[in-house]
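J.: My questions all concern the structure below.
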Amino acid sequence: MILPADADDPPPAAALVVFTDGREIWWLRALRPGFRHVMVAVARPGHWVVVNPLAHRTTVDVVPGAAGADLAAWFRAQGHTVVETVARRPPRRPAPWAPMTCVEQVKRLLGLSARRICTPYGLYRALTAGGYRSKKDLGGAPSMRH
């Protein structure tokens, strides 16, 4: 169990970054189709925590007992793009100022502080380029099977 006092330095954890089309808001149409919204699922012992930062609120759901591969398959079956990665220990400095968007919230949950990443597709490219998926940066990543 992770206690609130441990929240400043969370351990590395498996994460699923989920990209969706999100056409509900008119100005999202300017973004790349399939990459107009992003949410994240982070593994915790015995369950996954799904954080979905919406325009009007952020939802937090718990998915008990699911394997990471099963949860990723479920999101893909809904037509979403999923990147399997890890939430890493964030740098011990304030994150750069940025508007509160779905991308910014997901970056902070993943422990990323890359100012140049500001769209869901930019986050996707960064995650799939290899630099942010490296397990050696974490001293070994947890298994996707939780």
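J.: Could you list which residues have their amide H under 5 Å from that of GLY111, counting only those 5 or more apart in sequence or on another chain, with H placed in the peptide plane?
T.: Distant-sequence amide H within range of GLY111: ARG88.
J.: Next question, about the same structure. For the range 15-98, which trypsin sites (Lys or Arg not before Pro) are both in a DSSP coil and crowded by at most 10 other Cβ atoms within 10 Å?
T.: Loop-located and lightly packed - ARG57, ARG92.
J.: Related question: If you take the alpha carbon radius of gyration of the range 11-131 and divide it by 2.2 N^0.38 Å, what ratio comes out, to two decimals?
T.: Against the compact-globule rule of thumb, the ratio is 1.01.
J.: Calculate the dipole size of the range 31-128 relative to its Cα centre from +1 charges on Lys and Arg beta carbons and -1 charges on Asp and Glu beta carbons; express the result in debye to the nearest 20.
T.: Using only the charged Cβ atoms, the result is roughly 520 debye.
J.: Still on this model: Through the Karplus equation 6.51 cos²θ - 1.76 cosθ + 1.60, θ set to phi - 60°, convert the phi angles of the range 55-69 into ³J(HN,Hα) values in whole Hz; use x for Gly and Pro.
T.: Per residue, the Karplus-derived 3J(HN,Hα) values read 5, 9, 5, 10, 9, 10, 10, 10, 10, x, x, 7, 6, x, 5 Hz.
J.: Skipping prolines and chain starts, which residues have an amide H placed within reach, meaning under 5 Å, of the one on THR101, given they are 5 or more residues away or on another chain?
T.: When sequence neighbours closer than 5 places are left aside, there are no close amide H contacts.
J.: When ranked by the protection proxy of mean other Cβ atoms within 10 Å per residue, highest first, what sequence do the peptides 116-125, 47-56 form?
T.: 116-125, 47-56
Each reported figure results from applying straightforward, stated rules to the coordinates on display, with no laboratory input. Computed from a predicted structure; not experimentally measured. We place every Cβ from the backbone using ideal geometry, glycine too, and count neighbours over all the protein chains shown.
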